[in-house]
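The values are calculated or read from the model by the stated rules, or taken from the named source; none is laboratory data. Just so it is clear, the structure is predicted and the values come from calculations on it, not from any experiment. All Cβ positions, glycine included, derive from the backbone under ideal geometry; neighbour counts span all protein chains shown. Accessible surface areas use protein heavy atoms only, side chains included; no ligands, DNA or RNA. Shrake-Rupley method; radii C 1.70, N 1.55, O 1.52, S 1.80 Å.
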Amino acid sequence: MQPSKAIISDSNAELINLYQVVANNVEDLITLLKDMKNTEEEFYRIRELDTSKMSDIEQAARTMYLNKTCYNGLYRVNRKGKFNAPYGKYKKPNICDENNLRSASMVLKQSTIIHGDYKDVLLKYAEPGDFIFLDPPYLPISKYADFKRYTKEQFYEEDQLELAEEVDRLAEIGCNILLTNSNHPLVHRLYGKYKISVHQTKRYINSDASKRRGEDILVKVEPKKKLIVVPKPVELPKQMEAFPATRFMGSKQSLVKDIWSVASTFKFETVLDLFSGSSVVSYMFKTQNKQVFSNDYMAFSSCFAKAMIENNQYRLTDDDLNMLCAPNPNSDGFVTETFRDLYFSEEDNIFIDTVRANIRLLKNEYKRAIAQSALVRACLKKRPRGIFTYTGYRYDDGRRDLLLSLEEQFIEAILQINSSVFDNGKPNKARHGDAMDARFKADMVYIDPPYYSPLSDNEYVRRYHFIEGLVRDWKGVEMQWHTKTKKFKSYPTPSQAKKEPTMHLISFSNATKRVS
């Protein structure tokens with residue numbers, strides 16, 4: 001339909017490279033494709049080529065060739081990320097459809113083509129009134145209707161839940177959405193409040209022709225409301241760039257400009273960040289020379305705030321760093337023994353225990369907070385997906401963060417947190433406690449509670465029990481030794497403690513999300 005402004009994205013780097021080459025170098029691509037032969041020998045030769053040694057155009061030609069000549073156009077890779085779909089044995093595959101490629105090039109030239117995670121793309125680009133088409137990896141038709149991780153692709157039940165949350169967010173801000181998926185009970189549960197239609201389709205991938213029939217659903221989502229455009233985003237002080245980025249659920253790092261564009265319309269000198277999380281919003285307010293009070297129910301989140309919000313001057317020295325990394329005979333080996341073969345290598349576990357023992361030798365509370373925050377950050381960066389709800393390394397995609405040792409991550413984290421420390425001339429304060437008990441006198445309160453959803457597991461303790469245990473040194477927690485992840489029991493919320501409530505209330509905490 002050739003929209004005047006379009007954005008397309010995918011997490012598959014080879015696919016996005018193909019689209020970019022079609023848009024910008026279609027004639028060079030056609031030249032290469034014309035010389036490619038449809039033989040089994042040639043297919044396997046091209047399949048085994050090292051793409052890291054190829055130009056973008058050569059990579060695009062390889063992707064197109066394999067798609068046209070492999071079995072059913074199936075894109076499949078092995079555990080090492082190498083394409084492994086077999087030869088398709090087609091007599092006359094249309095390897096080089098010149099007219100179609102040139103037509104596609106004309107459309108793609110007018111489009112923004114992005115390689116990235118869909119949530120990052122939507123957060124950055126989606127605006128009220130936009131039309132958004134979402135075609136995620138499908139759930140299989142299965143006898144299992146409960147929340148199990150049964151998809152064969154790397155888009156699991158948890159990912160489907162996160163996608164449903166994102167659809168809700170897009171509807172709230174005023175977007176029109178069309179989403180496809182298989183006719184599966186979980187999909188109906190996730191999108192039951194929207195318009196769902198069922199359509200007969202074929203699954204050409206299946207080698208058994210009798211099993212190629214299936215049912216797709218289309219989910220039509222109309223915007224819930226039209227939003228009034230808030231003041232335009234403003235530029236933040238240069239100091240904001242020093243805040244260390246983290247992979248943390250609910251972090252507002254990409255939204256701080258928009259948050260300040262609204263907050264700056266109020267007159268205030270003191271602010272309470274009631275659910276501080278990664279502390280990025282508290283840090284933003286600190287760069288604006290406001291007195292900041294940070295609060296969070298999670299110990300590791302409060303530790304971040306202690307190190308970068310309340311702390312106005314202290315940094316770890318080279319001597320401190322050397323001491324923290326030096327072997328300590330008094331290490332208790334708790335992590336090495338308790339979490340062996342679960343999240344990190346033996347070497348990394350020993351290093352964690354060493355740092356835990358050495359942190360106790362730091363006399364200054366702010367230096368201890370920096371060291372603990374750096375250890376937490378190192379564990380998050382070293383862990384695939386940055387969470388501890390599963391064991392092993394199945395999400396290892398070879399990125400730099402996963403190649404570095406935990407010690408290297410720790411040293412980098414200390415340098416970054418040291419750089420983030422600055423004095424805004426205000427007596428800022430970090431508190432570890434429940435939001436309902438926070439007692440601060442502030443001109444403005446920023447509230448970003450854990451988001452409520454009856455379908456999504458948003459327990460911070462479940463996702464981050466390991467790093468929460470690090471900061472608490474596993475003191476005062478109820479370990480669940482029978483669990484595979486060796487997590488500890490989630491913290492109780494005030495509403496759970498009331499056996500006979502006399503009124504309806506919503507109680508939020510960063511440990512759990514419950515409504516009573």
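Of the residues screened, Asp56 is one that is surrounded by fewer than 19 Cβ atoms within 10 Å (Cβ to Cβ) and without any contact (Cβ under 8 Å) to a residue 60 or more places away in the chain.
Among the residues of region 238-278, which ones are open to solvent by 60 Å² or more (accessible area, probe 1.4 Å) and β-branched (Val, Ile, Thr)? Selection gives Thr265 alone.
Scanning region 99-128 for residues that are open to solvent by 30 Å² or more (accessible area, probe 1.4 Å), β-branched (Val, Ile, Thr) and in a helix (DSSP H, G or I) gives a single hit, Val107. It is to be established whether one or more residues within region 65-83 are closer than 24 Å to Asp117 by Cβ and aromatic (Phe, Trp, Tyr). Yes. Here the condition is being in contact (Cβ under 8 Å) with a residue 24 or more places away in the chain, assigned to a loop (DSSP other than H, G, I, E, B) and either more than 32 Å from the chain's Cα centre (by Cα) or more than 30 Å from Tyr125 (Cα to Cα) (or both); of Ile95, Ile30, it holds for Ile95 alone.
Looking at Ile141, is it part of a strand (DSSP E or B), among the aliphatic types (A, V, I, L, M) and either open to solvent by 70 Å² or more (accessible area, probe 1.4 Å) or modelled with pLDDT of 90 or more (or both)? It is false that Ile141 is part of a strand (DSSP E or B), among the aliphatic types (A, V, I, L, M) and either open to solvent by 70 Å² or more (accessible area, probe 1.4 Å) or modelled with pLDDT of 90 or more (or both). Being open to solvent by 40 Å² or more (accessible area, probe 1.4 Å) and assigned to a loop (DSSP other than H, G, I, E, B) is the filter; apply it to region 379-397 and report the residue that is farthest from Lys486 (Cα to Cα). For region 379-397, the residue satisfying everything is Asp397.
When the residues of region 165-176 are filtered to those that are of a type in the set (A, V, I, L, M, F, W, C) and surrounded by fewer than 20 Cβ atoms within 10 Å (Cβ to Cβ), which remaining residue is modelled with the highest pLDDT? Give the steps one after another, and end with the answer.
Within region 165-176, the first condition is being of a type in the set (A, V, I, L, M, F, W, C), and the residues that meet it are 167, 170-171, 173, 175.
Retained after the next criterion (residues that are surrounded by fewer than 20 Cβ atoms within 10 Å (Cβ to Cβ)): 171, 173.
Details: Ala171: 93, Ile173: 88.
Per the stated criteria, the residue is Ala171.
Could you list, in sequence order, the residues of region 359-378 that are out of contact with any Lys or Arg (no Cβ under 9 Å at 6 or more places or on another chain) and surrounded by 21 or more Cβ atoms within 10 Å (Cβ to Cβ)? Lay out the reasoning, then the answer.
Within region 359-378, the first condition is being out of contact with any Lys or Arg (no Cβ under 9 Å at 6 or more places or on another chain), and the residues that meet it are 361, 363-364, 371, 374, 376-378.
Hits for region 359-378 are Ala371, Ala374, Val376, Arg377, Ala378.
Residues of region 392-404 include none that is within 20 Å of Ser279 (Cα to Cα) and within 21 Å of the chain's Cα centre (by Cα). What about Leu361, is it out of contact with any strand residue (DSSP E or B) (no Cβ under 7 Å at 6 or more places or on another chain), part of a loop (DSSP other than H, G, I, E, B), under 30 Å from Glu158 (Cα atoms) and modelled with pLDDT of 90 or more? No: the conditions fail for Leu361. Checking the structure you have, find out if any residue of region 204-226 is in a loop (DSSP other than H, G, I, E, B), among the aromatic types (Phe, Trp, Tyr) and at pLDDT 90 or above. Scanning region 204-226 turns up no residue that is in a loop (DSSP other than H, G, I, E, B), among the aromatic types (Phe, Trp, Tyr) and at pLDDT 90 or above.
All but one of (1) more than 30 Å from the chain's Cα centre (by Cα); (2) buried (at least 17 other Cβ atoms within 10 Å of the Cβ) hold for Asn17; state the number of the condition that does not hold. The number of the failed condition is (1).
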